[in-house]
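Working notes, structure below.
The values are calculated or read from the model by the stated rules, or taken from the named source; none is laboratory data. Quick caveat, the model's predicted, so the values are computed rather than measured. A quick note on method: Cβ atoms are made from the backbone with ideal geometry, for glycine too, and the neighbour counts reach across all protein chains shown.
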There are 2 protein chains.
Amino acid sequence: MQLVSGKSDAGGGLRERKKRATRAALAEAAVRLAAERGVEKVTVEAISAAAGVSVRTFFNYFDTRDDAFVTIDADARARIRRSVLDAPAALSPLDALREAIGTELAEAEQRHELWRLHAEVLRTSPHLLVRSLSAHMADETELAEALAERVRAGSGPSCGAPAAAASDEERRAAPDLYPRLLAAVATTAVRVSLEHWCAHQEERSFADVFQETFSLLAAGLPAPPAR
Amino acid sequence: MQLVSGKSDAGGGLRERKKRATRAALAEAAVRLAAERGVEKVTVEAISAAAGVSVRTFFNYFDTRDDAFVTIDADARARIRRSVLDAPAALSPLDALREAIGTELAEAEQRHELWRLHAEVLRTSPHLLVRSLSAHMADETELAEALAERVRAGSGPSCGAPAAAASDEERRAAPDLYPRLLAAVATTAVRVSLEHWCAHQEERSFADVFQETFSLLAAGLPAPPAR
């Protein structure tokens, strides 16, 4: 859905979309081969061949073979940050994030088998797991920064309060905790949604579980009604 | 605070408290030695000597040397689950959890240097990190089970709705997502509180950051007020 044409932002452009498709194909090939043969037996040559590109092209996207295993959705994460910044001002930060992530996960039902394989590959390769965790934490920080920017923009002079009213100290103390918490909690909520949906695939769609999860967050995690 | 005498529950009893103190001393010695020398150079003999116990005693608490590095607060996690189950019925599940975790983290200011060392040790030992992540996920599951039990108890016959009113299917579908989400989000919130407090130690107490974090969760993560 983010891939419709005619957009000139970071998400659009034919050239940009081709690059994304190539990167995604390489990452997917890497994970599938590793799940099949074990990480150590997968060469850059095999990954490139499986994705239908040359070894030279592989190295346009990744510095080392291991880089191809670490993150399989780097582009999606960048698009989520962009959407958070571009969402209508009337949306709360939580709702902006819910929309952005919901759009990216519209194909979760088709993608989750690959994600499961990716998790399996990481579990069997501690050194890749360590790198993947670092990438995950860096991503959380970048998302928190995008949310902080949105919060600052939303509480700027146009809201009636002069920007100078907040001292440097206040500005440092307050927005820091909120966007960090929101980024981390939303990421956790996505994981829980996926895990829950995986265990209940016959009963519910992923979108349904995802929306219920974010509604629970927005409502302050109230106890479910007595039955 | 959980260690005051006269309690006859899972947390009390002199014998029980002595065992906990020994386990904690061994885990702390293991982490401090590993941070100093590197995990591979730390022997069971050295850990036992640093904690002032015999090697035989070490093996009463841990099956292998590596087990001593994996979790440094296993007892605290068990106490949190117990507190969640024992909290007054009037508290919401989120508030019961906030109370339970807040009590356990009352000494966070003294403990965090050890937690930081522990994180450092795990970062340098991928195989321990993998085991620690598994322990963390198992703990999240156990906490979710305690929360599910609390939710079930709170919505039982005493609340006016006959227990039989919920079909097997409803019972399976509903409590599952909520307690899992609450356990995972609260764990994430604790991590964010600790990280934020570590970066702002001169300005705020840990308790202050922790309470603000859980208030944000209870309020549904609203945007901070415009300044």
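In region A:190-208, which residues are in contact (Cβ under 8 Å) with a residue 12 or more places away in the chain and within 7 Å of chain B (Cβ to nearest Cβ)? Outline the logic, then answer.
Initially, region A:190-208 is screened for residues in contact (Cβ under 8 Å) with a residue 12 or more places away in the chain, giving A:190, A:192-194, A:196-198, A:205-207.
Listed by number, the residues that qualify are A:Val192, A:His196.
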Within region B:57-90, which residues are of a type in the set (D, E, K, R) and closer than 21 Å to B:Arg17 by Cβ? B:Asp73, B:Asp75, B:Arg77, B:Arg79, B:Arg81, B:Arg82, B:Asp86
Which residue, of B:Glu109, B:Glu45, B:Glu113, is modelled with pLDDT of 95 or more, exposed (fewer than 14 other Cβ atoms within 10 Å of the Cβ) and out of contact with any Gly (no Cβ under 8 Å at 6 or more places or on another chain)? B:Glu45
Right, B:Ala108: of a type in the set (A, V, I, L, M) and within 16 Å of B:Arg191 (Cα to Cα) or not? yes
What pairs come up if the first residue lies in region B:14-43 and is over 25 Å from B:Ala78 (Cβ atoms), the second is aromatic (Phe, Trp, Tyr), and their beta carbons are under 9 Å apart, counting only those six or more places apart or on different chains? B:Val39/B:Phe69; B:Val42/B:Phe69
Hits in region B:171-189 (condition: at pLDDT below 95 and more than 7 Å from chain A (Cβ to nearest Cβ)): B:Arg171, B:Arg172
May I ask you to list the residues in region A:61-92 that are under 16 Å from the mean Cα position of the chain (by Cα) and of a type in the set (A, V, I, L, M)? A:Val70, A:Ile72, A:Ala74, A:Ala76, A:Ala78, A:Ile80, A:Val84, A:Leu85
Subset tally (residues that are surrounded by 15 or more Cβ atoms within 10 Å (Cβ to Cβ) and not in a helix (DSSP H, G or I)) for region B:185-203: 1
Just to be sure before I move on: is B:Ala153 at pLDDT 90 or above, within 24 Å of B:Pro88 (Cβ to Cβ) and either outside the structural domain of B:Ala30 (by TED's automatic domain parsing) or in a helix (DSSP H, G or I) (or both) in the structure I sent? no
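Every residue, every condition in (1) in contact (Cβ under 8 Å) with a residue 12 or more places away in the chain; (2) within 14 Å of chain B (Cβ to nearest Cβ); (3) of a type outside the set (Ser, Thr, Tyr), yes or no:
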site: A:Tyr61; (1), (2), (3): yes, no, no
site: A:Ala68; (1), (2), (3): yes, no, yes
site: A:Ala76; (1), (2), (3): yes, no, yes
site: A:Val84; (1), (2), (3): yes, yes, yes
site: A:Ala96; (1), (2), (3): yes, yes, yes
site: A:Glu99; (1), (2), (3): yes, no, yes
site: A:Ala119; (1), (2), (3): no, yes, yes
site: A:Ser125; (1), (2), (3): yes, yes, no
Got a number for residues in region A:210-227 being more than 7 Å from chain B (Cβ to nearest Cβ) and assigned to a helix (DSSP H, G or I)? 4
Can you tell me how many residues within region B:107-119 are in contact with a helix residue (DSSP H, G or I) (Cβ under 6 Å, 6 or more places away or on another chain) and over 15 Å from B:Ala27 (Cβ atoms)? 2
